[in-house]
């Protein structure tokens, strides 16, 4: 499914030799101020230097959002991945705010007072530096107008950190600096 999405997106980016030539500006496009309900959104993932490191798709499913991504170029190792509360991806990605946490819980699936809706499982990048990931953000929605919506006025972002999430420490799991970002929904301007 995601490979088909790569072909479609590559065809939409005029003048680009491949999807890996996609720029942050190409991926963001023009925000839709009316925020129509969507069952699926596609977006690019970018490193701190603005380089494309992958493509992702968020699909509305019963009980949450199913995320799929293909990522290339990260060094082999384990990385934390979270949905953040603001759709802003200018390096060093601090503008993406904290984890998406509409319930006001603490961080981590192993924390008795957690987890955030935006807490996702760590990803393991193999020696090939290419990984396909799947994750579910239980309780999140793409439908605007709800507290659990990623499509609110300030948008939302998918962040990859330069370390593993310990699934317990609040507020961020000791997951290290933010090294990649993708805008799921841009802010309404």
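Only the coordinates and a few stated rules stand behind these numbers; no lab work does. Worth saying up front: this structure is predicted, and the values here are computed from it rather than measured. Cβ atoms come from the backbone with ideal geometry, glycine included; neighbour counts cover every protein chain shown.
Things to note:
- Here the range 79-189 has an Rg and Dmax of 13.3, 42 Å, counting Cα atoms alone.
- Take each peptide in 53-64, 125-136, 156-167, count the other Cβ atoms within 10 Å of every residue, and average; sorted highest first, the result is 156-167, 53-64, 125-136.
- Stokes-Einstein diffusion for the range 51-124, with the hydrodynamic radius set to the Kirkwood value over Cα pairs and evaluated at 4 °C in a medium of 1.567 mPa s, equals 93 µm²/s.
- Antiparallel bridge percentage (DSSP; both residues within the range 95-189; nearest 5): 75 percent
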